[in-house]
Amino acid sequence: MRRANKIAVYVIVALTILLTANRTLAQQDPLYTQYMDNLLVINPGYAGSKSIGNAMVVARSQWVSFDGAPATRSFAYNTPIEGKNVGIGFSVLSDKIGPMKQTGVYIDYSYFLQVSDKYRLGMGLKAGVSFFRANLTDLITITPDPIFDNDIYENFLPNVGIGFYLYSADSYFGLSVPRLIENRITREEVSTEYVNKQQMHLYFVGGSLYRLNDDFQLKISGLMKWVHNAPVSFDATALFGFKEKFWVGGMYRLDAAYGVIAQFSPIPELTIGYSYDITITKLGGYQSGSHEVMLSYGFSLF
């Protein structure tokens, strides 16, 4: 059997498990390697925490050369409101894997408290909707199955989230649940057993900037993600900087991947980033790594 046929079988099997389980299975949110620069999508308390607004575009292609591999695109903007202890944000996310595609549109609001001479606390709310589609009729099945006779459309899945972001000039800690509502995705016309949920995800992030001398810096960050019925995910990242313009470093995702990250800031407002991950799971033999490109530009609208 050719590799393409094998991959098609794997996708069908995975999708069948997803839709026919008698109990809810965990469904992961989009994955980012440069998460430390893209915190708005997981923590609304981050909105407006910088002195200037920021727009960010991220494009991620995971497991390159694997048919139906995840592809994620996102746009996010956040800004402080001048003269107020308030920040706002907006984000659009698109995540596609195999025949399934999910798109979300969210707004963020945060309020800031000065909790010490050094630290501020951002308390944030996130609200929005997502749109889910599974093109099941595009799949070629080995034997007929009624679940693949029609596509699945869930065109309005509302959600809300909360986040807390404690930060200073050189460190930060965050705790958030970006989606609290576990929306049901069903195929009731086939059977009430075909049920899946948008699982609630809990995120904890932290990081620090160390100025080694006038020219060199070190940024260390970590992310932990918990979701019911799935292993805890943990990312650890270290970046070395030169004059806060050039950054290079590495990432390790527990029992899943490791990678390299490079970023360049030709001017303080602009950052261009690239990362490459190598999978260390059993999928490693079927794909050639993951690419992620990030473009960030600072400007304020208010």
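Only the coordinates and a few stated rules stand behind these numbers; no lab work does. Remember, it's a predicted structure, so these values are computed and weren't measured experimentally. Backbone-built Cβ (ideal geometry, glycine too); neighbour counts: all protein chains shown.
Phi-derived couplings, Karplus 6.51 cos²θ - 1.76 cosθ + 1.60 at θ = phi - 60°, listed residue by residue for the range 295-302: 10, 10, 9, x, 6, 10, 9, 10 Hz, with x used for Gly and Pro.
Can you give the FRET efficiency to the nearest 0.05 for residue 229 and residue 67, using r as the Cβ-Cβ distance and R₀ = 25 Å? The partial results should precede the final answer.
Working: r = 26 Å, r/R0 = 1.05.
Taking R0 as 25 Å, the efficiency between residue 229 and residue 67 is 0.45.
Model label sites at residue 202 and residue 170, defined 7 Å from Cα along the beta-carbon direction, differ in position by 3.2 nm. With R₀ set to 41 Å, the beta-carbon distance separating residue 213 from residue 300 gives a calculated FRET efficiency near 0.85.
At full extension, residue 86 and residue 270 could sit 63.9 nm farther apart than now, given 0.36 nm per residue minus the alpha carbon distance.
Could you order peptides 267-280, 203-216 by the average number of other Cβ atoms within 10 Å of their residues, highest first?
Values: 267-280: 16.0, 203-216: 14.1.
Peptide ranking by packing, descending: 267-280, 203-216.
Whole-Hz Karplus values for the range 287-294 come out as 8, 10, x, 10, 10, 9, 10, 10 Hz, taken residue by residue from phi with 6.51 cos²θ - 1.76 cosθ + 1.60 and θ = phi - 60°; glycine and proline positions read x.
Pairs to check: 96/245; 245/282; 84/219. Give those whose C-alpha atoms are more than 31 Å from each other in this structure.
Exceeds cut-off: 96/245; 245/282.
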